[in-house]
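Engineer: Please read through the structure below; I'll follow up with questions.
Please treat every number below as a calculation from the coordinates, not as lab data. Here the structure is a predicted model, which is why all the values come from computation and not from measurement. Positions of Cβ are generated from backbone atoms using ideal geometry, with glycine treated the same way; all protein chains shown enter the neighbour counts.
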Amino acid sequence: MYDVVIVGAGVIGCAVARELSKYQLSVCVVERESDVCEGTSKANSAIIHAGFDCVPGTLKAKLNVRGSKLLPELSKLLDFEFKNNGAFVLCFDKEQIGGLEELCERGKANGVDGVRVISGDEARAMEPALTDDVVAALYAPTSGIVCPFGMTIALAENAVKNGVEFRLSTEVKGIKKTDGSFTVLTEKGELEARIVINAAGVYADKIHSMVSNEKLSIIPRRGEYMLLDKDAGCLVSHTIFQQPTKMGKGILVTPTVHGNLLLGPTADDIEDKEDTATTRQGLDKVRQMAGLSVKGIPFNKTITGFAGLRAVGDTHDFIIGECKDCKGFIDVAGIESPGLSSAPAIGEYVAEIVGSIITLEKKETFYAVRKGITRMAELNPEEKNRMIARDPAYGTIVCRCEGITEGEIKEAVERPLGATTLDGVKRRTRAGMGRCQAGFCSPKTMAVIAEKLGIGIGDVKKNGCYESEVGEDA
Amino acid sequence: MREFELVIIGGGPAGMAAAIAAKENGIDDIVILERDTQLGGILNQCIHNGFGLHTFKEELTGPEYAERYAAKVYELGIHFELGAMVMDISKDKEITVISRTHGAETIRAKAIVLAMGCRERPRGALGIPGFRPQGVYTAGTAQKLVNCEGVIPGKEVVILGSGDIGLIMARRMTLEGAKVKAVVELAPYSSGLKRNIVQCLDDYGIPLMLSHTVVDIKGKRKLEGVFVAAVDEKNRPIEGTEEYFPCDTLLLSCGLIPENELSRSAGVELSPLTNGPTVDESLETSIEGVFACGNVLHVHDLVDFVSEEASRAGKNAADYIKGKPASPGVPLDVKPGNGVRYTVPSRLYTESADDGVHIRFRVTGVFKGASIVVSSGDNELLRRKGRIFVPSEMLDVVVKKENLELASGEIEVRIEEASV
């Protein structure tokens, strides 16, 4: 019997798990995919929002502002990439400047530091690539960018270090409420739990309806993105939003923590919760709208396009709380934007709810610090040579675009919750995430994974679970 | 800090030929830095024949062609280091390199030959919408998997792009038992060599769909199929022409990009037309003592031309090290005119040309019965009529020294179309 079973190993499930691992609880995270960070958490804008956008008094406002304040420190403790780069919201129409002022007031009401409205010229002085059409901008100095994979994996690894169990490649098929506890039915057997936390992203409605008659609906809202080469990453230094208008929320242009340029997202409500395909129309829209904000975007430097699904609830706010008709079952649902920014605060908030159900006692020893995979490219020559002397694999560059060594890839597959797929290695090390998009490094990376898993190189997968494959064939 | 007179970056066909030429011209203090575990570069995965017809007057496989040069490298005692990845080149020719054997170190060079080759254009750069499943590979990655790792990526294949590697892989996959359903090409003509279309597609009954492209990719985890559509003259897909091809493998052969991140770090001027360094007739880049050759300079279709070009770069690097004075005067710009996409070199010193100057270029479309004309002002320096010129075949003309003396201002290379 676990004290808590968490369904879903996205950034929310992992943030909650890490927070609960501070207490004397047995916690298990169940995830249908073969890795953490496989859903919405892996395909989003990677922004830590300042918090000016949320309606004051909502959970979103409270948790966003709290989350963004926790992030800088958390990124240091858990060794993932975060940068406080500041953001603009651009206004292209003098008539609309009032809207910016409103946004600014909202930010102040939410407790966001330093937000102010500036002129188009002031904005261009700070960010020269902005187009001449910008008449005014809201400036939010506390806005930041993060590596969403790095953050989710760091939270998960630290949770493991503090005793949380992860069951990957394990889909939840049903949940039965019995007296005072739950039976979670999975494709790999049953788990008993006193508390179940639903962090299933776009599938949170499905998990919710396993135990509750209350209506909860999640609509997947697809967002398409384009990612440009690092050559283009220095075009802007801030995150650049467009003022929401009747025409929609606009398209952002932002550098990533790794120095690429990210454009997107579109916003299309769809039905299929698996439909992460990009479309010609979507990518065309991204190109066209991004060009309104920033001059001279070198679209020919595009290295990839992708789409993510935001889990949009029907309340315009996060849906977080114990289910009224099912005590001990906690929904953490409808975590659309600013979900990534709020994640650490959601962890705290959910821990409070758990504490209202069962008594929480702090562990004597909690390991708050986690060290990430070696980043050879960031080491000085002496440090590099120390690593190579220890293991020559750190002297072999496998991914030439990102300068990733065999040693780093070995670390990625050998860690707890290690990568088992090419995509898993990519999210942990960036091998394959550069301008050639894994053209050169795939065969070598496949060989490292194959050796670790004891399978043939040809059996190494780009994504997905190995067991289900066997099941399909059987 | 280790110092070498000549550092050659890349041990493929270009790097080996440059090293051999430099050695034969009196330079002993050479190192070839090769990132892979053997010399030869991409030739090692090109196990088909057709290499060396110009150089050796016989048909060799890629590894055999590489071996001829590697043997010469051993024979001449040229020093090379494997598993050595160059991370950075500074403006003053300090090279940061990382390897298992020497760790992270900085090497100083008197002269450098850039011979890093090229990479394939990935899917993202093509903007093909759809899912991102397993089963989408660049043709060269698939070639490496099949020929070096013994892994067959799939059984039902569609190939986008008719570049030479795509054509070669159409045959290769067929020979390995896969069904290649179509080779789909955006342009109204193939971007591969004619002989490859005949030997790799026609001989196996594989259809080549010109003026078509892949417009959607299906399958969330594993590739299930692709939609192919016809395109109009502006390369826009024509609605209603979509055809679905179930497949588990999509290979991309949609162009090669010279790999010049290191050149950029050194501050070498790059040409937007070739994506390679701009060079003069001695293959020297905008930085004195830094030369470039092979696919890092411009994408070649025949390795024989790579070797020839690299030999010149190696010899010129040797001359530079031996203290040959810099070319006198101001270089003339060499410009692509009608029907010409780029020229290498893009500038030349007429006085320092030994006997003649190679100008290499590609045409922008298919020209039948047309003439290549090299001119400067009113003076025609060269005229050559040809049966057919196609973009897939790099053209090479040699302008004689006495004709170069007529040049002033700038030199233009153009195609004069046959009058209808």
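Engineer: Longest span of chain A, sites excluded, free of GluC sites (Glu not before Pro) in DSSP loop with at most 14 other C-beta atoms within 10 Å?
Structural biologist: The longest uninterrupted stretch comes out as A:1-186.
Engineer: How long are the semi-axes of the ellipsoid equivalent to segment B:195-236, from square roots of 5 times the Cα gyration tensor eigenvalues, in whole Å, largest first?
Structural biologist: 24, 18, 7
Engineer: Please find the FRET efficiency linking B:E233 to B:S408, where r is the Cβ-Cβ separation and R0 is fixed at 35 Å, and quote it to the nearest 0.05.
Structural biologist: In this case the efficiency is close to 0.30.
Engineer: Something else now. What is the pair-distance distribution P(r) of segment A:376-473, computed from all Cα-Cα distances in 5 Å bins starting at 0, with each bin given as a whole percent?
Structural biologist: Each 5 Å bin holds this share of Cα pairs: 3, 14, 24, 23, 18, 10, 5, 2, 1, 1, 0.
Engineer: Also: 7 Å from Cα along Cα→Cβ at both B:E58 and A:T315: what's the point-to-point distance in nm?
Structural biologist: About 8.0 nm separates the two model spin labels.
Engineer: In debye, nearest 20: dipole of segment B:1-89 around its Cα centre with unit charges on the Cβ of K, R (+) and D, E (-)?
Structural biologist: For this selection, approximately 160 debye.
Engineer: At R0 = 30 Å, how high is the FRET efficiency between A:E451 and B:E224 if r is their beta carbon distance? Nearest 0.05 is fine.
Structural biologist: E between A:E451 and B:E224, to the nearest 0.05, is 0.50.
Engineer: From a point 7 Å beyond the Cα of A:N380 in the direction of its Cβ, which residues of segment A:388-411 have a backbone N at a distance under 16 Å?
Structural biologist: Answer for this model: none.
Engineer: Multiplying the sequence separation of B:K335 and B:I47 by 0.36 nm and subtracting their Cα-Cα distance, what value in nm do you get?
Structural biologist: 100.0 nm
Engineer: Now for a different question. Report the Rg/Rh value for segment A:65-196, based on alpha-carbon coordinates and the Kirkwood definition of Rh.
Structural biologist: Using Cα coordinates only, the ratio equals 1.20.
Engineer: For labels at B:Y189 and A:D113 in the simple 7 Å Cα→Cβ model, what's the distance in nm?
Structural biologist: 6.4 nm
Engineer: Oh, and also: Quick one: Karplus J couplings for segment A:451-463, per residue in order, coefficients 6.51, -1.76, 1.60, θ = phi - 60°, nearest Hz, x for Gly and Pro?
Structural biologist: Per residue, the Karplus-derived 3J(HN,Hα) values read 5, 5, 7, x, 10, x, 4, x, 8, 6, 9, 6, 7 Hz.
Engineer: Can you give the longest run of chain B that contains no trypsin sites (Lys or Arg not before Pro) sitting in a DSSP loop with at most 13 other Cβ atoms inside 10 Å?
Structural biologist: Between the exposed loop sites, the longest stretch runs B:235-321.
Engineer: In whole Å, largest first, what are the principal axis extents of the Cα atoms in segment A:266-316?
Structural biologist: If we take the Cα atoms of segment A:266-316, the spans are 39, 22, 15 Å.
Engineer: Taking the Cα centre of the protein assembly as shown as the origin, how large is its charge dipole in debye, to the nearest 20, when only Lys and Arg (+1) and Asp and Glu (-1) carry charge on their Cβ atoms?
Structural biologist: 880 debye
Engineer: 5 Å is the cut-off here: which amide hydrogens, built 1.01 Å from N in the peptide plane, fall below it relative to B:E393, excluding neighbours closer than 5 in sequence?
Structural biologist: For B:E393, no residues qualify.
Engineer: Which whole number in µm²/s is D for chain A by Stokes-Einstein, with the Kirkwood Rh taken over Cα pairs at 20 °C and 1.002 mPa s?
Structural biologist: The diffusion coefficient I find is 93 µm²/s.
Engineer: Specify which residue in the list A:A450, A:P416, A:T396 is farthest towards the positive end of the charge dipole of segment A:376-473, using unit charges on the beta carbon of Lys, Arg (+1) and Asp, Glu (-1), about the Cα centre.
Structural biologist: Comparing the listed Cα positions along the dipole, A:T396 ranks first.
Engineer: Quick one: what are the phi-derived ³J(HN,Hα) couplings along segment A:381-393, Karplus 6.51/-1.76/1.60 with θ = phi - 60°, whole Hz, x for glycine and proline?
Structural biologist: So the J values, rounded to whole Hz, are x, 5, 5, 4, 5, 4, 5, 5, 5, 6, 8, x, 4.
Engineer: Same structure, new question: Provide the percentage of antiparallel DSSP beta bridges, counting only those with both residues in the protein assembly as shown; round to the nearest 5.
Structural biologist: DSSP beta bridges in the protein assembly as shown are roughly 65 percent antiparallel.
Engineer: Here is the link list: A:K83/A:K249; B:K23/B:K385; A:K206/A:K230. Which ones come out longer than 31 Å on Cα distance?
Structural biologist: Beyond 31 Å: B:K23/B:K385; A:K206/A:K230.
Engineer: Using the Kirkwood radius over C-alpha pairs as Rh, can you work out the diffusion coefficient of the protein assembly as shown via Stokes-Einstein at 20 °C, viscosity 1.002 mPa s, in µm² per second?
Structural biologist: It comes out at roughly 72 µm²/s.
Engineer: Continuing with this model, one more query. How many angstrom lie between the C-alpha centres of segment B:6-43 and segment A:172-231?
Structural biologist: 57 Å
Engineer: Applying 1/(1 + (r/R0)^6) with R0 = 35 Å to the Cβ-Cβ distance of A:K371 and B:T101, what FRET efficiency is obtained, to the nearest 0.05?
Structural biologist: Here the calculated transfer efficiency is 0.80.
Engineer: Based only on other Cβ atoms within 10 Å, what is the fewest-to-most ordering of A:M126, A:M433, A:M289, B:M116?
Structural biologist: Ordered from fewest to most neighbouring Cβ atoms within 10 Å, A:M126, A:M433, A:M289, B:M116 come out as A:M126, A:M289, A:M433, B:M116.
Engineer: Given +1 on the Cβ of Lys and Arg, -1 on the Cβ of Asp and Glu, and no further charges, what dipole in debye does chain A carry about its Cα centre, rounded to the nearest 20?
Structural biologist: So the dipole magnitude of chain A works out to roughly 780 debye.
Engineer: Averaging over all projection directions, find the projected area of the Cα convex hull of segment B:70-168 and quote it in nm² with one decimal place.
Structural biologist: 10.2 nm²
Engineer: Please compute the modelled spin-label separation between A:K76 and A:S209, points set 7 Å along Cα→Cβ, answer in nm with one decimal.
Structural biologist: Calculated label separation equals 4.7 nm.
Engineer: Between segment B:330-363 and segment A:306-322, what is the C-alpha centre distance in whole Å?
Structural biologist: 60 Å
Engineer: State the extension gain, in nm to one decimal, for the chain segment bounded by A:D133 and A:E95, taking 0.36 nm per residue of separation less the distance between their alpha-carbons.
Structural biologist: Net length gain for the segment: 12.3 nm.
Engineer: Just how far, in whole angstrom, is segment A:326-362 from segment B:132-169 if you go by their alpha carbon centroids?
Structural biologist: Computed from Cα coordinates, the inter-centre distance equals 47 Å.
Engineer: Provide the gained length on full extension for the span B:R2 to B:K401, in nm with one decimal, where the gain is 0.36 nm per separating residue minus the Cα-Cα distance.
Structural biologist: 139.6 nm
Engineer: Here is a follow-up. Mind listing P(r) for segment B:245-288? All alpha-carbon pairs, 10 Å bins, whole percents.
Structural biologist: All Cα pairs considered, the percentages come to 24, 38, 16, 13, 9, 1.
Engineer: Restricting to bridges with both residues inside segment B:122-254, how much of the DSSP beta-bridge set is antiparallel, in percent to the nearest 5?
Structural biologist: 40 percent
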